[in-house]
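The values are calculated or read from the model by the stated rules, or taken from the named source; none is laboratory data. All figures in this text were calculated on a predicted structure; none of them were measured in a lab. All Cβ positions, even for glycine, are placed from backbone atoms using ideal geometry, and neighbour counts span all protein chains on display.
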Protein chains: 2
Amino acid sequence: MMPKKNIAIVLLSGGVDSATCLAIAKSDGLDCFALSFDYGQRSRSELNAAKKLAESYEVLEHKIIHLDIGQLGGSALTDLSIEIPKEEAAGIPPTYVPARNTVFISYALAWAEVKKASAIYIGVNAVDYSGYPDCRPEYIKAVQDVVNLATKAGVEGKQIKLETPLINYTKAQIIEKGTQLGVNFADTVSCYQADFDGSACGKCDSCRLRRNGFLDASLEDMTTYK
Amino acid sequence: MMPKKNIAIVLLSGGVDSATCLAIAKSDGLDCFALSFDYGQRSRSELNAAKKLAESYEVLEHKIIHLDIGQLGGSALTDLSIEIPKEEAAGIPPTYVPARNTVFISYALAWAEVKKASAIYIGVNAVDYSGYPDCRPEYIKAVQDVVNLATKAGVEGKQIKLETPLINYTKAQIIEKGTQLGVNFADTVSCYQADFDGSACGKCDSCRLRRNGFLDASLEDMTTYK
């Protein structure tokens, strides 16, 4: 009998970072469950991208959780009355979704307990990121403490490790790493306001980061722009 | 003009503890938003109790968030294939819902950011509790660190304080405190498998804690038993 593999929950948004993160979890030899969220984000094609990626990486199960977080308002990604900026600006941008990563990780934690996973993979990144507070290493460290204390597994001494393999990578390095691991970036969507078919605006923060990442990595981006 | 009151998000399950917690937040002089969750728990009458309490305390808004957490399985409170124990037992009981408080607090945090709240009130209790890891003071302390690091407010130096006024109270002390503040405990539901009208089984862990609490406090419990 084959030895049983360890299990990971991978947060999969359908973008460049989470796709690379899933590829890393697989190359780390883990059996993966993929978790995506439908939280009323403008870009539905992100979820289609997540579905494609989950299939091509043969995850054990891909769950798309419907979140009411969009209802709470406060972000340009879920609230149509707030405009998505077309230029870079200082500070935390209006595309920030309140407590998003905290909510996402909470769900991943719940599923990790049920599936007896040993790790949660999340593609947060503190270099070429959009200035969101919940992408910083000190935030992840604090969440790891909560994970250790919150769970039955933690009480029983079995740690569920938060894995953030991309946290110190530039966008170009993420793209290089993903390319090495065979990620098909044509299947990923980054744009905050992509069309249903995945074509991107080319102007939002996320499009700018992606485009510059591919340029810096000297790799071709197959993204279709509107 | 009246000075503007500070705002609190109060987690309101509809039980004795959260009802008392809401009464405390009001007596602390805060304007309250109440947050409840529909996560496929067996006891729907809990949510009706929450609605009644939110109305009688004139909260600014009461939101019931639909959570997919029940779908993830793993708890006797959401998974009908797991039996609710009728007797007390050692360890973490099967009624434990994985990562429940972490998910609840994440949502409260998102709403707190949007509403610019200065506090989140949660009626967790580390004395007469059911042995859940996410009710312990060390857990709450770790979550406060996450709250400080996760948010735009935190980055800007405005703390959202996690208030756990009941954490060191026995169930009897909670009932005494609530009674002093005029809580109508007839409007609360504790039973894990209460009927739609709120009548309780009298046998589950939560019923036992409630019954003993009223006995110890020498106060009458208006609960109807099946």
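Restricting attention to region B:150-166, does a residue exist that is modelled with pLDDT of 95 or more, over 25 Å from B:Leu67 (Cα atoms) and under 14 Å from the mean Cα position of the chain (by Cα)?
yes
I'm told A:Ile140 meets every condition in (1) surrounded by fewer than 21 Cβ atoms within 10 Å (Cβ to Cβ); (2) within 14 Å of chain B (Cβ to nearest Cβ) except one. Can you identify the failing condition by its number?
With respect to (1) surrounded by fewer than 21 Cβ atoms within 10 Å (Cβ to Cβ); (2) within 14 Å of chain B (Cβ to nearest Cβ), A:Ile140 is out only on (1).
Here's the yes/no breakdown for (1) touching a residue at least 60 places away in the same chain (Cβ under 8 Å); (2) β-branched (Val, Ile, Thr):
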residue	(1), (2)
A:Lys158	no, no
A:Leu166	yes, no
A:Thr170	no, yes
A:Gln173	no, no
A:Glu176	no, no
A:Leu181	yes, no
A:Thr188	yes, yes
A:Cys191	yes, no
A:Asp195	yes, no
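Among the residues of region B:24-48, how many are part of a helix (DSSP H, G or I) and either of a type in the set (D, E, K, R) or touching a helix residue (DSSP H, G or I) at 6+ places or on another chain (Cβ under 6 Å) (or both)?
2
For region A:99-130, how many residues meet the condition of being assigned to a helix (DSSP H, G or I) and among the aliphatic types (A, V, I, L, M)? Quick ask: steps written out before the conclusion?
Taking region A:99-130 as the starting set, the residues that turn out to be assigned to a helix (DSSP H, G or I) are A:100-115.
This time we only want the ones that are among the aliphatic types (A, V, I, L, M), so: A:103, A:105, A:108-110, A:112, A:114.
The qualifying residues number 7.
Would it be correct to say that A:Ile175 is within 12 Å of chain B (Cβ to nearest Cβ) and outside any loop (DSSP other than H, G, I, E, B)?
no
What about B:Val189, is it surrounded by 22 or more Cβ atoms within 10 Å (Cβ to Cβ), under 18 Å from the mean Cα position of the chain (by Cα) and in a loop (DSSP other than H, G, I, E, B)?
Yes: the conditions hold for B:Val189.
Can A:Ala76 be described as at pLDDT 95 or above and not in a helix (DSSP H, G or I)?
Judged against the criteria, A:Ala76 is not a match.
Name every residue in region B:197-225 that is assigned to a loop (DSSP other than H, G, I, E, B) and either among the basic types (Lys, Arg) or touching a residue at least 12 places away in the same chain (Cβ under 8 Å) (or both), in order of residue number.
Hits for region B:197-225 are B:Asp197, B:Gly198, B:Ser199, B:Cys201, B:Gly202, B:Lys203, B:Cys204, B:Leu219, B:Asp221, B:Met222, B:Thr223, B:Thr224.
So which of A:Gly198, A:Gly131 is more than 12 Å from chain B (Cβ to nearest Cβ) and of a type outside the set (D, E, K, R)?
A:Gly198
Out of all the residues in region A:150-172, which are of a type outside the set (Lys, Arg) and part of a loop (DSSP other than H, G, I, E, B)?
Across region A:150-172, the qualifying residues are A:Thr151, A:Glu156, A:Gly157, A:Gln159, A:Ile160, A:Thr164, A:Pro165, A:Leu166, A:Ile167, A:Asn168, A:Tyr169, A:Thr170.
Can you find, within region A:118-137, the residue that is surrounded by the most Cβ atoms within 10 Å (Cβ to Cβ) among those that are of a type in the set (Phe, Trp, Tyr) and modelled with pLDDT under 95?
A:Tyr132
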